[in-house]
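None of the figures in this text is laboratory data; all of them are computed from the coordinates on show. If you're wondering where the values come from, they're calculated on a predicted model, not measured in any experiment. Cβ sites come from the backbone with ideal geometry, for glycine too, and all protein chains shown count toward neighbours.
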């Protein structure tokens with residue numbers, strides 16, 4: 001079976017490796033390489049690196065809707081996508097005899113879009129999972145082939161949940177492909193009344209609003225950790241916040257966002273319904289550190305009473 005794989009970030013790497021170990025991957029399609037960092041160095045996508053390590057040709061069109069003939073030219077039996085990052089045109093969707101299938105990091109129809117892992121955490125979902133689905137011209141709209149779910153733990157953040165789902169995506173795909181090849185797979189229409197969306201995170205969504213509940217603040221912090229990181233302003237400078245713990249204690253006379261205590265766990269901040277302790281931070285212009293180290297460096301007296309904006 002001739003497979004074309006389309007994907008870009010780290011999340012898709014286990015999926016591609018699983019396909020390489022079990023099938024004939026004849027072409028890998030990835031987003032163009034990006035300029036990264038202060039020196040604007042051109043960095044290959046994670047998927048491109050894996051393909052080149054296995055001597056698989058790589059195609060990186062700027063706009064797939066206009067540049068797809070190289071994909072059809074290799075005559076794929078099936079096209080598998082995972083976090084590719086562009087809408088696939090109908091000419092590609094209609095070509096493979098076994099169809100185009102997608103590995104998506106949510107239990108569709110919940111959380112359609114490019115940031116389903118972020119949003120599952122930010123929105124307080126108790127579970128999420130992987131969906132293998134047929135692709136159509138709409139975003140994450142196609143028929144469901146198979147699903148597998150996972151509980152979201154209180155200790156999960158974006159990194160840990162990402163890694164679990166990445167491996168689960170590979171395993172579910174490999175378990176599902178034989179039925180697709182044999183034509184015995186399920187094909188279930190998505191319930192449009194159950195649809196929710198997980199669009200890519202915008203810069204303004206990274207800012208912590210301490211007027212919300214402690215749980216909402218906690219979920220935002222872990223849903224953006226470690227990348228891009230939730231943030232708030234302190235001393236008129238942006239501070240990234242990567243980890244926190246919810247506290248039961250209330251400070252009725254304090255303002256939302258006010259630093260009401262500092263201790264060995266970190267910086268205690270007032271929220272709508274209580275307080276939360278910030279435990280892992282990155283002050284402006286400095287390295288990531290535990291919050292207690294920051295407190296020791298700047299002094300408790302300079303922090304108590306200050307307000308995160």
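What full-extension length gain, to one decimal in nm, is calculated for residue 10 and residue 126 as 0.36 nm per residue of separation minus the Cα-Cα distance?
On the way: separation 116, 0.36 × 116 = 41.76 nm, distance 2.42 nm.
Full extension from residue 10 to residue 126 adds 39.3 nm.
Going from the residue with the fewest nearby Cβ atoms within 10 Å to the one with the most, 54, 162, 39 rank 39, 54, 162.
In terms of packing, defined here as the mean over residues of other Cβ atoms within 10 angstrom, the peptides 271-279, 152-160, 257-265 line up highest first as 271-279, 257-265, 152-160.
Could you calculate the FRET efficiency of residue 153 with residue 179 from 1/(1 + (r/R0)^6), where r is the beta carbon distance between them and R0 is 25 Å, rounded to 0.05?
The computed FRET efficiency comes out at 0.25.
Build a GNM of the chain with springs between Cα atoms under 10 Å apart, and of 13, 28, 195 the one that fluctuates most is 195.
May I ask for the angle, rounded to the nearest 10°, between helix 214-223 and the longest principal axis of the chain, with both axes built from Cα atoms and the value confined to 0 to 90°? For 214-223 against the chain, the angle is about 40 degrees. With R₀ fixed at 25 Å, the C-beta to C-beta distance from residue 212 to residue 238 puts the FRET efficiency at about 0.85. Pick the calculated Rg/Rh (Cα atoms, Kirkwood Rh) for this structure from (1) 1.03; (2) 1.05; (3) 1.19? Step by step, Rg/Rh (Cα atoms, Kirkwood Rh) for this structure corresponds to label (2). Using 0.36 nm per residue and subtracting the Cα-Cα separation, the extra length available between residue 33 and residue 227 on full extension is 67.9 nm. By the beta-carbon count within 10 Å of each Cβ, the least crowded to most crowded order of 298, 78, fewest first, is 298, 78. The C-alpha atoms of the chain define a longest principal axis, and helix 13-22 lies at about 30 degrees to it. Extension gain for the segment residue 293 to residue 192, taken as residue separation times 0.36 nm less the Cα-Cα distance, is 31.4 nm to one decimal. Relative to the longest principal axis of the Cα atoms of the chain, the long axis of helix 158-182 lies at roughly 20 degrees.
In terms of its alpha-carbon gyration tensor, the range 78-235 comes out prolate; a/c meets the 1.5 threshold, and the first ratio a/b outweighs b/c.
Here the range 86-159 and the range 247-309 have alpha carbon centers that stand 37 Å from each other. Cβ crowding within 10 Å, taken as a proxy for footprinting-reagent exposure, orders 148, 187 from fewest neighbours to most as 187, 148.
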